[in-house]
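A.B. asks: Following this message is one structure expressed as structure tokens.
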Amino acid sequence: MDTKKVFLTFKLQSGSYAIDVDNVISIERVTEFTKVPHAPYYVEGIINLRGNILPIIDLNCKISNCKTKYQHDTRILVIEIKDENFGFIVDKAEQVLEVDQQDVQASDQLFDDQKNIRGIIKQDNQLFQILDEKTLIDDNTYKKSEEV
């Protein structure tokens, strides 16, 4: 019996990626951000999304140290990580992909030190790197919001 997994696929400058769809809250158009002084280079700022303050992270910067070139297809993926929501800027959100577990290969079978990648999806003639969303936010960068 094959186990199916569902992923959202998206593009970055460095290739095709996927993330577990269970962690995706929404896909939003890019809007204006409020800059945050002294934030890490990959933090674009914050936005007010339906009454919630959302940190916005340029995923191209986080993954491959290059800034996103904003285009018509550029989107913000709102992802839940450690009980908090974050917005990640991607070049293009593509599709929801249902794959058999046999089409997913663990990244440690290919590379020794890939802290952001937890696997590879082989689908048709395309490869998608599966991001480990828990590694995209570190405790030094973001402190969980507390009551003021």
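A.B. asks: Could you check how many residues of region 67-82 are under 15 Å from the mean Cα position of the chain (by Cα) and under 18 Å from residue 54 (Cβ atoms)?
C.D. replies: Total meeting the criteria: 10.
A.B. asks: Among what's in region 24-36 and is under 30 Å from residue 6 (Cβ atoms) and of a type outside the set (Val, Ile, Thr), pick the residue that is surrounded by the fewest Cβ atoms within 10 Å (Cβ to Cβ).
C.D. replies: The qualifying residue surrounded by the fewest Cβ atoms within 10 Å (Cβ to Cβ) is 29.
Conditions tested, residue by residue: (1) crowded, with 18+ Cβ neighbours inside 10 Å; (2) among the small types (Gly, Ala, Ser); (3) without any contact (Cβ under 8 Å) to a residue 24 or more places away in the chain.
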residue: 10; (1), (2), (3): yes, no, no
residue: 18; (1), (2), (3): yes, yes, no
residue: 22; (1), (2), (3): no, no, yes
residue: 47; (1), (2), (3): yes, no, no
residue: 50; (1), (2), (3): no, no, yes
residue: 79; (1), (2), (3): yes, no, no
residue: 99; (1), (2), (3): yes, no, no
residue: 115; (1), (2), (3): no, no, yes
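A.B. asks: Within the bounds of region 47-68, is there any residue that is in contact with a helix residue (DSSP H, G or I) (Cβ under 9 Å, 6 or more places away or on another chain) and of a type in the set (A, V, I, L, M)?
C.D. replies: No, that holds for no residue.
A.B. asks: Now a separate question. For region 24-37, which positions are in a strand (DSSP E or B) and either closer than 22 Å to residue 72 by Cβ or in contact (Cβ under 8 Å) with a residue 60 or more places away in the chain (or both)?
C.D. replies: Answer for region 24-37, where residues must be in a strand (DSSP E or B) and either closer than 22 Å to residue 72 by Cβ or in contact (Cβ under 8 Å) with a residue 60 or more places away in the chain (or both): 24, 25, 26, 27, 28, 29.
The numbers here are math on the coordinates, done by the rules we state, and not lab data. It should be emphasised that the depicted structure is a prediction, and the values quoted were computed from it without experimental measurement. Because the Cβ atoms are built from the backbone with ideal geometry, glycine has one as well, and the counts that use them run over all protein chains shown.
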